[in-house]
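Structure record follows, encoded as structure tokens.
The values are calculated or read from the model by the stated rules, or taken from the named source; none is laboratory data. Because the structure is a prediction, the values reported are computed rather than measured. Reconstructed Cβ throughout: ideal geometry from the backbone, glycine too, with neighbour counts over all protein chains shown. Note: areas computed on protein heavy atoms with side chains; ligands, DNA, RNA excluded. Shrake-Rupley method; radii C 1.70, N 1.55, O 1.52, S 1.80 Å.
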Amino acid sequence: MIPRLKPFAGKEELFALLERVPNAVEKFEEKFAAAFGTSLAIAFPYGRSALWAFLKAMRIEDAEVVQPAYTCSVVGHATVLSGNRPRFVDCNLRDYNMDLDLLERAITGRTRMVIPTHIFGYPMDVNRVDQIVRDAENRYGQRIYIIQDCAHSFDAEWQGESVIKAGDGALFGLGISKQITSIFGGMLTTDDEDIAANLIAFRDENFSRKSLFEIIRRALYLSASLAAFENTMYGLTYWLQERTSLLKGLTDAYHLDQKIHFPPDHDHSLSSLEARVGLRQLEKYAFIKRRRREIAGFYFEKLKVPSGWVLPPRVEGATYSHFAIRVPDRDLVLEVSAREGVQLGQLIEYSMPHLPAYRQYGEGQEFPNSLLCSQSMINLPIHPSLNEKDMVKITDVINRIAQR
Ligand SMILES: *Cc1c(COP(=O)(O)O)cnc(C)c1O
């Protein structure tokens, strides 16, 4: 079975669990900022904690946070739990990012933040977002922050410039399924010293250290994940996943979509152990990015699908966290392909304003594209450890299913 995702980590990261690195968290922040060309990077236990802390630290309350309808539920959770309201914008059907015409209309006098999410690694037109938000600021006489959600994209480029540099800051998730990982973890980068000072002060006052027990659990989690994703083991992992609930929480069940909630350790700081793993992963990032682009290029060349199937667009600067395809009958495609030895993902399988917990925030509005995507999207394995033979097998299986 070819797994739908696989962290690109191995003995270096396991070795990092035992290493001694003085001030590892600070070092991770410095190296992260340097790697992505920002002046500051601030570490958090999760990406969602960074967003929540930003809203708290900047004293944004009882305001609207404009965000995609088609995105990871943790963005909505952070918004509501910080005492604010999400205002959803439907996606377009080309690259699945927020529809910019709709964004323009979604901003109101109560908007204090806009979150452009570069979904699946597809860069948004950050210049147009900036223009729309600056115009709205002038219209309403109100500061509106732009926080790029780069949890998928990392440093995708829009017209040759990294999207990370746009707006007031950028948000990263560093969980096990992201481009690089610090086991769990998140980062917020910014070039704005005032924002950074507020955010660091808030974090240092409100976040507590992890207990030894929590740290040991993290180390075990990484070791178990790496073992579970090993080629020789993955058949068993897959079987356990499908047939039992033993592995719930190992890959992606660490957030709930149906309920607005944060994990109890959302405010327990990133530990030195996690930072050491993150440091090792940073060294691999350039390779990971190049490899994902190569695999995407291979898929674009080899996939032959009939009308009714929609391949991703070929966009300059994309980093392909996912190779997302819309299909007419998702359950059938998932099932047949698993039978043939290729596990597909079904990200993102919900539309935020259609979730019961969020329905009130989308009342009176329609989000047809987000709903359609949530019901029809699959994604192909695109992790850097795929070899040539895996890639051929994946395209063969997909082409065969598509032409049935
Ligand atoms: C993963 C992710 C985040 C952050 O997730 P955490 O699990 O809180 O680190 C934010 N936005 C998107 C789109 C994501 O996929």
Open item on the list: Testing the spin-label approximation: label points 7 Å from Cα along Cα→Cβ at Arg94 and Arg128. State their distance in nm.
Closed with: 0.6
Task: Debye intensity ratio in log₁₀ form over the Cα atoms of segment 132-257, taken at each q of 0.12, 0.22 Å⁻¹ - done: -0.69, -1.32
- [ ] Return the inverse of the average 1/r over all pairs of distinct C-alpha atoms in segment 290-376, which is the Kirkwood hydrodynamic radius, in Å to one decimal.
- [x] 15.0
Open item on the list: Taking 30 Å as the cut-off for C-alpha to C-alpha distance, list the pairs among Lys11/Lys259; Lys165/Lys389; Lys165/Lys284; Lys284/Lys389; Lys56/Lys259; Lys11/Lys56 that go past it.
Closed with: Lys11/Lys259; Lys165/Lys389; Lys11/Lys56
Task: Separation between Cα centres of segment 182-205 and segment 386-404, rounded to whole Å - done: 42
- [ ] About the Cα centre of segment 145-217, how large is the charge dipole given +1 on each Lys and Arg Cβ and -1 on each Asp and Glu Cβ? Please answer in debye to the nearest 20.
- [x] 580
Open item on the list: Suppose R0 equals 45 Å. What FRET efficiency, 1/(1 + (r/R0)^6) with r the Cβ-Cβ distance, do Glu137 and Phe213 give to the nearest 0.05?
Closed with: 0.45
Open item on the list: Among Gly308, Ala275, Tyr285, which residue has its Cα furthest toward the positive end of the charge dipole of segment 264-315, with +1 on Lys/Arg Cβ and -1 on Asp/Glu Cβ?
Closed with: Gly308
Task: Descending Cα extents along the principal axes, segment 43-121, whole Å - done: 34, 30, 16
Open item on the list: Expected output is a single nm value to one decimal: the length gained when fully extending between Arg110 and Ser307, i.e. 0.36 nm times separation in residues minus the C-alpha distance. What is it?
Closed with: 66.7 nm
- [ ] Based on a Kirkwood Rh over C-alpha pairs, give the Stokes-Einstein translational diffusion coefficient of segment 338-404 at 10 °C and viscosity 1.306 mPa s in µm²/s.
- [x] 111
Open item on the list: Along the charge dipole of the chain, pointing to its positive end and built from +1/-1 on Cβ of Lys, Arg, Asp and Glu, which listed residue (Ala57, Pro263, Ile146) has its Cα farthest out?
Closed with: Pro263
TODO: With a 1.4 Å probe and every protein chain kept in, tell me what percent of the accessible surface of segment 151-242 is carbon plus sulfur.
DONE: 54
Open item on the list: How big is segment 119-178 along each principal axis, measuring the range of its Cα positions in Å and listing the largest first?
Closed with: 41, 24, 15
TODO: Starting from the alpha-carbon convex hull of the chain, give the projected area averaged over all orientations, in nm².
DONE: 18.5
TODO: Let me know the shape class of segment 225-369, please: from the alpha-carbon gyration tensor, a ≥ b ≥ c as square roots of the eigenvalues, rounded when a/c is under 1.5, otherwise prolate if a/b is greater than b/c, or oblate.
DONE: rounded
Task: segment 88-178 - percent relative contact order, Cα under 8 Å, separation 6 or more - done: 26
Open item on the list: I'd like to check one number: the per residue accessible area of the chain, probe 1.4 Å, reported in Å² as a whole number.
Closed with: 42
Task: Protein accessible area in segment 250-404, 1.4 Å probe - carbon and sulfur % - done: 50
Open item on the list: What's the magnitude of the charge dipole for the chain around its Cα centre, counting Lys and Arg as +1 and Asp and Glu as -1 at the beta-carbon? Answer in Debye, nearest 20.
Closed with: 980
Task: Cubic angstrom per residue, convex hull over Cα atoms of segment 146-194 - done: 70
- [ ] Provide the gained length on full extension for the span Gln365 to Thr244, in nm with one decimal, where the gain is 0.36 nm per separating residue minus the Cα-Cα distance.
- [x] 39.7 nm
Task: segment 1-159: relative contact order in percent, alpha carbon pairs under 8 Å with at least 6 residues between - done: 17
- [ ] Report the relative contact order of segment 275-404, percent, no decimals, based on alpha-carbon pairs under 8 angstrom and at least 6 residues apart.
- [x] 34
Open item on the list: Under a Cβ-only charge scheme (Lys and Arg +1, Asp and Glu -1), can you give me the dipole magnitude of segment 249-332 about the Cα centre, in debye to the nearest 20?
Closed with: 520
- [ ] Quick one: go through segment 69-96 and flag any residue whose amide nitrogen is under 13 Å from the point 7 Å out along the Cα-to-Cβ line of Asp62.
- [x] 83-85
- [ ] Let me see the pair-distance distribution of segment 23-173: every alpha carbon pair, 10 Å bin width, integer percents in order.
- [x] 12, 43, 36, 8, 1
Task: Within the chain, percent of DSSP bridges classed antiparallel, to nearest 5 - done: 50
Task: Amide H contacts of Val342 (H built 1.01 Å from N, under 5 Å, at least 5 apart or other chain) - done: Ile2
Task: Of all DSSP beta bridges in segment 55-210, antiparallel share, percent nearest 5 - done: 35
Open item on the list: How large is the convex hull of the C-alpha atoms of segment 257-303 per residue, in Å³?
Closed with: 117
Open item on the list: Regarding segment 1-50, what's the average projected area of the Cα-atom convex hull, expressed in nm²?
Closed with: 5.5
